[in-house]
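Here the structure comes first, spelled out in structure tokens, and everything after it is commentary.
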Amino acid sequence: MSNAEMTSMERVLTTLSHREPDRVPFFLLLTMHGAKELGLSIREYFSQAKYVIEGQCRLRAKYHHDCFYPLLYGAAEAEAFGGEIVWYEDGPPNSGAPVLKKPEDILALQVPVVDKTPCLRRMLDVISGLKERAGDTVPIIGVVISPFSLPVMQMGFAAYIELLYEQPELFARLMAVNQAFCVAWANAQFRAGATTVCYFDPLASPDMISPEIYRRTGLETARHCLSCFNGPACIHLGSGRCLAMVEELAKVGAVAAGVSALDDLAAVKAACKGKITVAGNLNGIEMRRWTPTQAEAKVKEAIAAAAAGGGFILTDNHGEIPWQISDETLLAISEAVQQWGRYS
Amino acid sequence: MTAADRSSEIFADKLLVLDRIGAEQMLVEARAQDAPLKAVERLVVPALEEIGRRWEQGSAALAQVYMSSRICEELVDQLLPPSSPERILRPKIGIALLDDYHALGKTIVCAALRASGYELCDYGRLTAPELAKRICRDEVKIVLISTLMLRSALQIKQVKILLVAAGSATKIIVGGAPFRFDPELWKEVGADASGNNAAEAVRAVARCVEELAQ
């Protein structure tokens, strides 16, 4: 089997079962770069599902990576709750002023209805459009922000930390609303055709919240949400280190975990071997300055650290490749995987 | 380990478990032996450095760093009110968040600097041209700029260009995730220093103050 050329789906499913496919699967988690392909501004590009579908197809034809990534922008979930979006010409749309101005506003917070929220419906249209084009040959990676991490955008990080430490009842109410939304949003993506949903939980990292607090709050939230998803979930800690928490994250039912560039990839792989696939950990920020030779070296280094035995997907460490990364660098990464990622 | 080192470690431990009363008691005892600023330098500054070290090593979380810096800022404000002549009022220091809404890093650094005895002007969230204008208008000598997004970090180049064009030699200290993930980025954007955590930012400010005094 390992000598034959696999489809992207076969390659990814093989590695997820902790066996070696024909080559290392790699995910270029490109959101904004499709706008460059179509000659559109980032805002125009995200305004219509047909643009994003076409952009994703062109990007995959160019770089030959092993997934479609229908995420429009992470701040869409804050937008669904009524938050403001700030648009830039050279970066991802960002969440603006928090929608929860004071903790008591949580009491009036309502769960957004997915089908009635334009920014969410647009992403569902992207997923179903990609599914029509790819069938079952290419994994489609849906995205949700964890209920535990979303409040950073809903109320601001400092206010959320204070809530977490000081107002357990309002915290519980916020989690209940966010969990209901998260499960509905993930399952809508599965219905539209997502192969998996990536549960982004940057606050799961011990860099952000102490493990003892996370275990009795965010980890329980993750366990609840993933158990209600109608499909498999990956878990991603943004760029936060995961080594100290990854075995516990495997136990909540995730099939893969994103690894930070600040983590020791080989150590994470050793901790995860046979339990959960590791995905990482090219440094998306530093990538901006890589020459093609450096890109090749970084790919070889990651493959050497984590590819043996399967259970590994090469990708960036953040879950979104910055707008500033050149085509030349992305092509160098792609070529390096084709050259050095063969298992036989 | 000296007795002072041991005290600051115990103080750091109290901050990390949010034992505000215990931390306050220790600072009161330190104040009984020293002048306010000396007590802060002996107990609070090394404790914040220790917490920064633990964060880098992965044994403290950002949420603890934030809560610790907030407690320290409150305690030091009681000892050294903002108008106190014992605070370090010169050279003039500013701090700003460049073009995005994620203010936690700035809030922590601001609190750590104030807890270390410095007084500074918090400009909040500004664009690059707005920040350059404020720095020139207020004759700020040291500015700390916090960013979360890569595009915001790259905007610092524009701040530097505008300051140079205006004849300003204001020292720029940068911090935030892009600089942690790319250790060369601070030089590329024209900064004078980078701080990976609040304690490093405080040390960078101290170095700049010394350089400006020469």
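Each value in this text was obtained by applying a stated rule to the coordinates, not by laboratory testing. Note that this is a predicted model, so its numbers are computed, not measured. Neighbour counts are summed over all protein chains in view; Cβ atoms, including those assigned to glycine, are modelled from backbone coordinates with ideal geometry.
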Quiz item: Which cross-chain or sequence-distant (5 or more) residues have an amide H under 5 Å from the amide H of A:T196, H modelled 1.01 Å from N in plane?
Solution: A:I140, A:G142
Exercise. Report Rg/Rh for region A:8-340, rounded to two decimals, where Rg is the Cα radius of gyration and Rh the Kirkwood radius.
Key: 0.94
Practice problem: Calculate the length of the line joining the C-alpha centroid of region A:199-215 to that of region B:23-90, in whole Å. | Solution: 26
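Once the convex hull of the C-alpha atoms of the protein assembly as shown is built, how many Å³ does it hold per residue, rounded to a whole number?
Cα-based convex hull of the protein assembly as shown, divided per residue, equals 150 Å³.
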Quiz item: Hey, got the Cα dimensions of region A:250-314 along the principal axes, in Å, largest first?
Solution: 38, 21, 15
Quiz item: Under a plain spin-label model, where a point goes 7 Å from the Cα along Cα-to-Cβ, how far apart in nm are B:E24 and B:S84?
Solution: 1.6
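Could you tell me which of the pairs B:K38/B:K133; A:K50/A:K275; A:K102/B:K106; A:K300/B:K187; A:K62/A:K298 are separated by over 26 angstrom between their Cα atoms in the structure shown?
Pairs exceeding 26 Å: B:K38/B:K133; A:K50/A:K275; A:K300/B:K187.
Once the Cα gyration tensor of region B:106-214 is found, what semi-axes does its equivalent ellipsoid get, as square roots of 5 times the eigenvalues, in whole Å, sorted largest first? All intermediate terms of the calculation are to be shown ahead of the outcome.
Values: eigenvalues 66, 61, 36 Å².
Largest first, region B:106-214 gives 18, 17, 13 Å.
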Self-check item: Hydrodynamic radius of region B:1-89 per Kirkwood, over alpha carbon pairs, in Å
Solution: 13.1
Practice problem: Quote the FRET efficiency, to the nearest 0.05, computed for A:T7 versus B:A35 with a Förster distance R0 of 56 Å and r equal to the Cβ-Cβ distance. | Solution: 0.15
Exercise. Considering only A:C198, A:C228, A:C67, give the residue with the highest GNM mean-square fluctuation for chain A, with springs between Cα atoms whenever their separation is below 10 Å.
Key: A:C228
Quiz item: Using only helices, what value at 222 nm comes out for chain B when you add -39,500 (n - 2.57) per DSSP H run of length 4 or more and divide by the total residues, to the nearest 500 deg cm²/dmol?
Solution: -18000 deg cm²/dmol
Self-check item: trypsin sites (Lys or Arg not before Pro) lying in DSSP loop within region A:1-110, provided at most 13 other Cβ fall within 10 Å
Solution: A:K101
Quiz item: Which is the longest run of chain A containing none of the GluC sites (Glu not before Pro) found in DSSP loop states (not H, G, I, E, B) with at most 16 other C-beta atoms within 10 Å?
Solution: A:90-344
Practice problem: Give me the Kirkwood hydrodynamic radius of region A:196-237, using the inverse of the mean 1/r over all pairs of distinct Cα atoms, in Å to one decimal. | Solution: 10.6
Quiz prompt | MRE, 222 nm, helices only [DSSP H, n ≥ 4, -39500 (n - 2.57), over chain A, to nearest 500] | solution = -13500 deg cm²/dmol
Exercise. Could you calculate the FRET efficiency of A:E248 with A:A308 from 1/(1 + (r/R0)^6), where r is the beta carbon distance between them and R0 is 22 Å, rounded to 0.05?
Key: 0.35
Practice problem: Can you bin region B:81-158 into rounded, prolate or oblate? Criterion: square roots of the alpha carbon gyration tensor eigenvalues sorted a ≥ b ≥ c, rounded for a/c under 1.5, prolate for a/b above b/c, oblate for the rest. | Solution: oblate
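Rounded to a whole number, what is D in µm²/s for chain B from Stokes-Einstein with the Kirkwood radius over alpha-carbon pairs (25 °C, 0.890 mPa s)? Write down the numbers at each step before the final one.
Values: Rh = 17.4 Å.
Stokes-Einstein gives a translational diffusion coefficient of 141 µm²/s.
So for region A:163-313, what are the equivalent ellipsoid semi-axes in whole Å, largest first, each being the square root of 5 times an eigenvalue of the Cα gyration tensor?
Three semi-axes, in Å: 29, 18, 15.
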Quiz prompt | Cα pair distances exceeding 16 angstrom across region A:52-105, given as percent | solution = 57
